[in-house]
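The values are calculated or read from the model by the stated rules, or taken from the named source; none is laboratory data. On a predicted model such as this, the values are computed, not experimentally measured, just so you know. Positions of Cβ are backbone-derived with ideal geometry, glycine not excepted, and every protein chain shown enters the neighbour counts. Heads up: the accessible areas ignore ligands, DNA and RNA and are worked out on the full protein's heavy atoms, side chains in. Shrake-Rupley method; radii C 1.70, N 1.55, O 1.52, S 1.80 Å.
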Amino acid sequence: MLKKVFPKQGEDAQRPWRTAKAALTGTLTIAANVLDGLPVPGAKGSINAVLSVIAGIDRTSSNVESLQKLESHVKLIFDVVLEPISKMEPSSVPSGLKADTERLASELESSAAIWKKRKTRGRIRRFIDSGEDEADLRKFLQDISLAVQRFQTSGVARSQLADARREQGITRLEERAEDEEKTTRLLERSKLVNNLPRAHKASFDSGRAGASSSCLEGTRVAILDKIKAWVDNPDPATPRIFWLSGLAGIGKTTIARTIAEFADQGGLLGGSFFFSRDDSDLSSADLVFPTLAFQLAQRNERLKSAIGEVLEEDADYGHRVASIQFEKLVIGPLIAVGTSERTFVVVLDALDECGNERGASEILQLLLALAPRIPFRFRILITSRPEHHIRSVFNQDSSHLQFILHDADASDVRRDIQRYVRTELVDIPRRLQLTIQSPWPEEAVLDTLVDKSGQLFIYAATAIRFIGNDRVRNPQKQISIILGARQSTTAKPYAQLDQLYLQVLRSALPEGTDEDDFDRFHWVVGCIVLLRDKLSMEALGHFTPYRPQEIDDTLYHLHSIILAPSTFQEAPRVYHPSFPDFITDPERCSDKMFAIDVPSQEERLVVRCLEVMMASLKRDIVGIQDLSLLNREVPDLAEKVAQCIPPELQYSCKFWTSHLVRAPLGAEEVTDLLEDFASAYLMWWFEAMSLLDCIPLAVSCMHDAHRWVSDSHCREDIVALFHDAYRFILSHQKLIGSCAMQVYQTALPFTPHDTVLYKTYCKELDHAVHVLQGLPLSWQPFLRTMRQKFLSVVAIAFSPDGLLVATGYEGSKNFPVTIWDAKSGTPVTTLVGHLGGVRSVAFSPDSTRLASASRDKTVRIWHLTARVSAVVIEGHTADVNAVDYLPSGANVVSGSSDCTIRLWNSLSGAIVNTIDTPCSVNALAACPDGARLVSGQADGTVRVFNFARRTRISSSIFEGHTQAVSSVAVSPDGVRVISGSQDCSIRIWDTSSGTCLAALQDFAHPVISVACGLHAWASGSADYAVRMWAKDAFSTADATTLSGHTSWVTCVAFSSDGSRLASGSSDASWRLWDVEAVATQPPKQHASAVSAYGMSRDRSLLVTGNDDGLVNLWDARAGSHLAVLEGHQDQLTSLVFSPDGSKFASRSVHGTVILWDAKDRRRIMTLQERHSDERDFVSMLAFSNDGAHVLDCRSTDTLSWDVNTGAPVDASSIDFDILKADKSAVLDPVGWLLMKAPSGESVRVAQIPLGGYQVSGYGVHGDRMILPCGGGQVLILDISRPLACISASSRLFRT
């Protein structure tokens, strides 16, 4: 026991105690010194109190441990708190920290108080109380530990609170930054939305002149309640679309406006589009969905952000085809905002006034097909006349509501019209500020007006305008005129309206009116009702023979049917489309004095368009002056166009052929003007169309103009000129569209020189390059190449109306079908849905649908206007290789690798019949009679199935091929069948007997596709070639080969009129060919690619060599061909003239060197025979400076020969120079010819069509540029004129 209390007194026993106590004492002393002067009351005192405790602690082993723990606590306090505080300015010590330190000091001092009385105890007493000391020391240690923990806890809490406040501040900053970023993003997205192309006056409340008003209160109650109930119906099964149809003038637009106002007032309106046929924007199908997207965005911020986000992906979605517009700008954003209980209402009024029937049908089909995908109440009200193209779409859909307005209860309609007429008549005296004797209106008069109106609100509205005409200001007189109108005894729905229109016209132009006034009436009113786009009064004054005031006078008494604007800067417009219908229909406008004869008026309009263009068009019409500028680089181009191409000229440029095609064929005045226009103004018109951004329209214009002059049997040179113009703009549409002045700088120089167009307009080439050699003499069969990146074209078809081409692909993830414009070759839309390669495509007979067969074992029927898959036909168990429509359009047939042919209902997709065959069906073709079907089989047979009796299908088998039949085609008359096979042969069969009429068996590669046209038939093969025969030619020798594809030709198809051929290839392209131009292909001087050329130093002679070893000599000044020289057996790699130009030398890839006489055009001698089997493309020939030696400069050494003897000589002492490249002109990678200006900067001159001629290189020699081509041509360009112009610092070219 004593040993435990009094340990051994040796040195080892004392060391731990001394060490612990000294360490603690040292720490406390340092702390006390540091805290001297600390701005914390009692801090130093508390440390001194602890020191006094330490001094009184006895030496016990347990106390050593306690001292060590106490020292660690004090050190922690010192390191973490006291020392940092001591370094702070008193004023900077945080109040919370100061308070915590004061509390700690107080607690330390209190804990030490227990030890103060121990200082007076003696040694014995301390020994006796040692156990108590140990307990007190442990208590003291615990108190200090708790004080430290409280201090630390408080500090941590304060620290965390500070951190939280700091983080909160950072969070607020981050949130603020996020808000600012979000605001910026929303602003950017708003800008994108605001830049959408749209019809600015399409909304119901746009305030456009002549717009309809809403329903008079208390009228149309039943139909309005019906539509409102549909809008408010919460049932998810409620149809999304309500079609309100009715005759013209029955009040559809008034109802549509009322519903739009109702939805707007309730916060439900998403958007509205009120069509109008007399406004290009309001009749444009292209603007409907961008306009609705813009309106939706203005009414909902989330939608605006979603639409803007889509436009961030592609800002041009507003300019895409309607299906993409609707999907991306409307459907996608509406789905993205999520499911909502909110209702959106969209109103489309007068859909029948959409500019073209195809566009209206497309909009309707898209709405019917895609609107149900929107995950909340989305209501679309559509109003229209019951036109066929609209009815046919609705008839194929059962998911919409419909109300026929002219079938409404007659008594309700009469009551509504009576209320309207009474209200309006009562208001007329007040509005005109007249006093009219009561009773007004008389009940008999009111009843008569109501009776005459029938169900047509337009009659009532027109009558009210006529009676209340503020220019006449005599309501009683106007009523008497109306009441004098003859009653019609016919049952025609518009009889009363027609009589009213006639009465208004007779009132404006009564008997005895001068012929001049009638002529002016026909001019003015004919323009208003037949112009394709509205013109202001001022523009009409320039377009017609009459001044704006005279036009205004003509309209003075027609105010009830034609809205005359208040200023000459606005356009007149009809109140209702029923008036143009009336006045252009001789059946309805019975008084011939007023009827507008459409063909005659169209003739008058096209004449005036031509006169306006010939009076105003000129070269560089907007004053660009710089021939090098692209359109987008011209400063203030839009303002210049508006100033220099006034509205009447813009209209004439855009729409003259629209009037031409409706004018009488062969009209003499038109023909005479067309001859003048075509002979002098075409290039200027192309320039203007480029500046108006209407080059795609120009392609269609030239196509239509050529057809009209051809059908009118105009002079041959005029027909040829318009054909040339169509080929011209088709070939150069992309370039001319981007740069108007390239009409003269590139397009015209590269037009075949034997064409009427070039001969007529070559005078425009003052500052352009001149192509001396290398152009074909006339237009080639090749029209244009269309590409889809990385896709192999395996199926192709023309629509029966000749307007579209469809292509099917393999090699893509989404396996698309692409629809193209057949005139211009521009893509129209892409149809996506198949999950495997598309093997075959076929149009329906009416060109409105497309069938596609795929490796995914399905057939799809597509709505071409809606660009959606209408029917997915399933049933085959393997790849579907072929599909075709039967002539009736009611059925499609498909052939599959599952060895079956199946007949389907084309509308429902229901199976009609199945034909089993012994092997895979590779190809199908329906016969024109609709009773027979031809198939190509994998076993090499051709089979003809007879559908005359559907219950019993008979078949015939044509045998002859030795391998699988790849393709079959039937002649348009159904008499012949053509089959192409993997056995590298083509066979022609008699359809009825199965007799093989001809077998073309000398092909080297498999025949993959065949097609029959009206005048020719064609094939596509694995040798990359398209071959074409006249329809009665059946030998290989009779074929014309069309080259250009760089891989297998997988499909060919003719247009229905036989004028064009389309070919598709696995080179990811399809090509369009002119069948009529096939026979005019010019011969080439080289049969293979030009591999080398040389120019004499005086630039008078050019020599070229090709891959086959032929040498051609040219007159470089005139560009004419002089001679073909033979001698080499393989590819030429180097050609060089002697300094005096009398000789030239040639070298082939295997080392043969020949010396030639340039004057006599003969071989002088062979300097070196072939000496290597290796192909050497590096070596280069040169003449010595004195012309006495020829040198072959090889990579390893240089050989030389004496030109007189041919003897080898030592080359080491011969002087020769390698001519440096002439860099006065260069070609950039995309073909722009650039020339150096005196300032040293490059000037853009012309764009050489590199791809069209397979240009493989170029060289400049003074004022000549030589371009060898892979197709065998050599282009020799005279560049002297632009060089001279640039050297003289002409303003025509700027840097």
(request) Show the residue pairs that are 6+ apart or on different chains and have beta-carbon atoms under 7 Å apart, the first residue being within segment 1162-1190 and over 18 Å from S1212 (Cβ atoms), the second being modelled with pLDDT under 75 and open to solvent by 30 Å² or more (accessible area, probe 1.4 Å). (result) V1178/S1195
(request) Would you mind telling me which numbered condition in (1) under 57 Å from the mean Cα position of the chain (by Cα); (2) farther than 30 Å from K734 by Cα; (3) of a type in the set (D, E, K, R) E1241 fails? (result) (2)
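Conditions (1) surrounded by 16 or more Cβ atoms within 10 Å (Cβ to Cβ); (2) over 36 Å from the mean Cα position of the chain (by Cα); (3) part of a loop (DSSP other than H, G, I, E, B); (4) without any contact (Cβ under 8 Å) to a residue 40 or more places away in the chain, marked per residue:
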{"residue": "G207", "(1), (2), (3), (4)": "no, no, yes, yes"}
{"residue": "S213", "(1), (2), (3), (4)": "no, yes, yes, no"}
{"residue": "I223", "(1), (2), (3), (4)": "yes, yes, no, no"}
{"residue": "V231", "(1), (2), (3), (4)": "yes, no, no, no"}
{"residue": "P234", "(1), (2), (3), (4)": "no, yes, yes, no"}
{"residue": "A237", "(1), (2), (3), (4)": "no, no, yes, yes"}
{"residue": "L244", "(1), (2), (3), (4)": "yes, no, no, no"}
{"residue": "I250", "(1), (2), (3), (4)": "yes, yes, yes, no"}
{"residue": "A263", "(1), (2), (3), (4)": "yes, no, no, no"}
(request) Name, by its number, the condition in (1) more than 25 Å from D278 (Cα to Cα); (2) open to solvent by 20 Å² or more (accessible area, probe 1.4 Å); (3) without any contact (Cβ under 8 Å) to a residue 60 or more places away in the chain; (4) in a helix (DSSP H, G or I) that does not hold for Q650. (result) (1)
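Table: residues versus (1) modelled with pLDDT of 90 or more; (2) charged (D, E, K, R); (3) farther than 17 Å from V1111 by Cα; (4) not in a strand (DSSP E or B).
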position: L1155; (1), (2), (3), (4): yes, no, no, no
position: D1160; (1), (2), (3), (4): yes, yes, no, yes
position: R1163; (1), (2), (3), (4): yes, yes, no, no
position: H1171; (1), (2), (3), (4): no, no, yes, yes
position: E1174; (1), (2), (3), (4): no, yes, yes, yes
position: V1178; (1), (2), (3), (4): no, no, yes, yes
position: V1190; (1), (2), (3), (4): yes, no, yes, no
position: S1195; (1), (2), (3), (4): no, no, yes, yes
position: L1199; (1), (2), (3), (4): no, no, yes, no
(request) Please state which of the following conditions D498 fails to meet, knowing it meets all the rest: (1) of a type in the set (D, E); (2) within 18 Å of V472 (Cα to Cα); (3) touching a residue at least 40 places away in the same chain (Cβ under 8 Å). (result) (2)
(message) Just to confirm my filter: which helices (runs of 4 or more DSSP H) fall fully inside segment 300-372 and include at least 3 residues that are in contact with a Ser or Thr (Cβ under 9 Å, 6 or more places away or on another chain)?
(response) 301-313, 322-325, 357-370
(request) Out of R532, R520, R506, report the one residue that is open to solvent by 40 Å² or more (accessible area, probe 1.4 Å), basic (K, R) and outside any helix (DSSP H, G or I). (result) R532
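Considering only segment 601-619, state which residues are without any contact (Cβ under 8 Å) to a residue 60 or more places away in the chain and either under 27 Å from L509 (Cβ atoms) or not in a helix (DSSP H, G or I) (or both).
Residue satisfying the conditions is C609 alone.
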(request) Filter segment 307-355 down to residues that are more than 28 Å from A229 (Cβ to Cβ) and free of Cβ contacts under 8 Å to residues at least 40 places away in the same chain, then give me how many there are. (result) 10
(request) Mind counting the residues in segment 1210-1261 that are aromatic (F, W, Y) and over 27 Å from L630 (Cα atoms)? (result) 1
(message) Please count how many residues of segment 411-442 are open to solvent by 20 Å² or more (accessible area, probe 1.4 Å), outside any helix (DSSP H, G or I) and under 30 Å from I223 (Cα atoms).
(response) 1
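Out of L366, L405, L381, I need the residue that is within 49 Å of the chain's Cα centre (by Cα), closer than 17 Å to V345 by Cβ and surrounded by 14 or more Cβ atoms within 10 Å (Cβ to Cβ). Which one?
Working: L366 fails: closer than 17 Å to V345 by Cβ; L405 fails: closer than 17 Å to V345 by Cβ.
Sole residue among the options that is within 49 Å of the chain's Cα centre (by Cα), closer than 17 Å to V345 by Cβ and surrounded by 14 or more Cβ atoms within 10 Å (Cβ to Cβ): L381.
Mind listing just one residue for me: the one in segment 1046-1056 that is modelled with pLDDT of 90 or more and surrounded by fewer than 24 Cβ atoms within 10 Å (Cβ to Cβ) and, of those, farthest from C1269 (Cα to Cα)?
My answer is S1056.
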(message) Any residue in segment 580-599 that is touching a residue at least 40 places away in the same chain (Cβ under 8 Å) sitting within a Cβ distance under 6 Å of a residue that is among the small types (G, A, S)? List the pairs, counting only those 6 or more apart or interchain.
(response) C589/A595; I596/G526
(request) Identify, by number, the condition in (1) within 36 Å of the chain's Cα centre (by Cα); (2) at pLDDT below 95; (3) surrounded by fewer than 20 Cβ atoms within 10 Å (Cβ to Cβ) that S628 doesn't meet. (result) (3)
(request) Would you check if Q625 is over 18 Å from R532 (Cβ atoms), out of contact with any Cys (no Cβ under 8 Å at 6 or more places or on another chain) and outside any loop (DSSP other than H, G, I, E, B)? (result) no
(message) Checking V1124 against (1) open to solvent by less than 10 Å² (accessible area, probe 1.4 Å); (2) at pLDDT 90 or above; (3) in contact with a strand residue (DSSP E or B) (Cβ under 6 Å, 6 or more places away or on another chain), only one condition comes out false. Which one?
(response) (1)
(message) Please count how many residues of segment 973-994 are open to solvent by 70 Å² or more (accessible area, probe 1.4 Å) and of a type in the set (S, T, Y).
(response) 2
(request) Working carefully through the options V699, V756, find the one that is β-branched (V, I, T), in contact with a helix residue (DSSP H, G or I) (Cβ under 6 Å, 6 or more places away or on another chain) and without any contact (Cβ under 8 Å) to a residue 40 or more places away in the chain. (result) V756
(request) Return the total of residues in segment 916-969 being farther than 22 Å from V838 by Cα, buried (at least 19 other Cβ atoms within 10 Å of the Cβ) and aliphatic (A, V, I, L, M). (result) 2
(request) Provide a single number: the residues in segment 1128-1161 that are β-branched (V, I, T) and open to solvent by 10 Å² or more (accessible area, probe 1.4 Å). (result) 3
(request) Among the residues of segment 392-431, count how many are basic (K, R) and farther than 21 Å from Q455 by Cα. (result) 2
